[in-house]
Amino acid sequence: MSHVTYTIVEHDGGWAYKVGDVFSETFATREAAQSGEIEYEDSSGRWHDEDESGEDRPETEVKD
């Protein structure tokens, strides 16, 4: 199983979680970014919202 580390960063006037060069949507608070659902913008500017059972998800952690 793969492992993904999300980092919480200031982004676009608020807070977001980030993996590599990909940012989530912007949240008003750091705490809200830590509990955000899996939504992300790809390199072409399209937003994705993952709605899956989660059985095949990688192991994850949030690094402040």
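The values are calculated or read from the model by the stated rules, or taken from the named source; none is laboratory data. Keep in mind that what you see is a predicted model, and the values were worked out from it rather than measured. Every residue, glycine among them, receives a Cβ derived from its backbone with ideal geometry; neighbour counts consider all protein chains shown.
Structure summary
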quantity	calculated
Tally, over segment 1-35, of residues that are exposed (fewer than 13 other Cβ atoms within 10 Å of the Cβ), under 17 Å from E59 (Cβ atoms) and among the hydrophobic types (A, V, I, L, M, F, W, C)	2
Wholly within the chain, strands (runs of 3 or more DSSP E) carrying at least 3 residues that are of a type outside the set (K, R) and at pLDDT 85 or above	3-11, 14-19
Members of segment 1-21 found to be over 15 Å from D42 (Cβ atoms), among the charged types (D, E, K, R) and in contact (Cβ under 8 Å) with a residue 12 or more places away in the chain, listed by number	D12
